Each structure stands twice: as structure tokens, then as C-alpha cells.
Amino acid sequence: MNETLGSSDSPKTIEKLPKKKRKQKRCQFLGCTKGAQNGEGSVHCRAHGGGRRCRIMNCGKVDVGGGRCRGHGGGKRCKREGCNKTDIGGGFCMAHGGGKRCAVNDCPNGAQN
């Protein structure tokens, strides 16, 4: 990629070099190929204990925002007034039209896969 700088009288061309890709750390669990989570010296993926955990006592689930797992109120919530279910896509919970829908015409259900 080239960029032209300067006035139209004396243009200067600068060659842009591609950015170096960082090599992501891999989970250290035997046979796992997922990326390790960032922070606090984590050497594992979320499934194998890496990353932050829910701060509710005796809950070992992954923190998805606000220091809590989805079950304890972490992460985004449905935008429908009076609903406090988890946002699964598009700003709404499954009951209010969020996430992927069934591919069959006029079917209001959520997609299974």
C-alpha cells in the first residue's frame, strides 16, 4: 500500500509495511489447541480454568462482565422492558427474538444448531 503525502506540487510516497501478527499463547492443558486467556499470568483457555471467574462464592464459572457469570447477572441483558434474561444476540433474549432463528418459513423458534 502506498500513501501520498504533501501538497499537490511535491507529493511524497511512503510505503506502508504490514503489521506483525502476534503469536497468541496456547492453552497449556494437554491436547488443547485453544488460545490462553490474557491477564494474571494465565496459561489456560477459559474451559481449562484460564481467565477471570465469577465472584459469587462457590461459583467457578467464567466471568462474562461485571465480575459475574451469566447465571449470576453478568454480561449483557435483554433490552425488552421488564426482562432480565441474557442477551444472546441482537440485544434480546431468545424469548424476545434474539439469536439465530429457525430456517423454516414462519417458524418463530430459535435455531437448534
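Just so it is clear, none of the values below were taken in a lab; they were calculated from the coordinates. Note that this is a predicted model, so its numbers are computed, not measured. FYI the Cβ positions are ideal-geometry reconstructions off the backbone, even for glycines, and counts take in every protein chain you see.
By its C-alpha gyration tensor, with a ≥ b ≥ c as the square roots of the eigenvalues, how is the chain shaped: rounded for a/c under 1.5, else prolate for a/b larger than b/c, else oblate?
Judged from the Cα gyration tensor, the chain comes out oblate (a/c at least 1.5, b/c at or above a/b).
Given H placed 1.01 Å from N in the peptide plane, which residues other than close sequence neighbours of Arg26 have an amide H under 5 Å from its amide H?
HN-HN under 5 Å from Arg26: Ala36.
If you take every residue apart from Gly75 with its C-beta less than 12 Å away from the C-beta of Gly75, what net charge results, scoring Lys and Arg +1 and Asp and Glu -1? Working shown, then result.
Values: positive: Lys61, Arg68, Arg70, Lys76, Arg77, Lys85; negative: Asp63, Asp87.
Once all neighbours under 12 Å are counted, the net charge is +4.
Calculate the spin-label point distance for Lys16 paired with Ala47, positioning each point 7 Å from the Cα along the beta-carbon direction, and give it in nanometres.
3.6
Would you grab the residues whose amide H sits under 5 Å from the one on Arg101? Only those 5+ places off in sequence or on another chain, please, with H modelled 1.01 Å from N.
Hits under the 5 Å cutoff: Ala111.
Residues with beta-carbon under 13 Å from that of Cys27, excluding Cys27: net charge, scoring Lys, Arg +1 and Asp, Glu -1? Let's see the in-between values first.
On the way: positive: Lys25, Arg26, Lys34, Arg46; negative: none.
Summing Lys and Arg as +1 and Asp and Glu as -1 gives +4.
Lys34: which lysines have alpha carbons under 30 Å from its alpha carbon, excluding same-chain residues fewer than 8 sequence positions away?
Partners within reach: Lys19, Lys20, Lys21, Lys23, Lys25, Lys61, Lys76, Lys85, Lys100.
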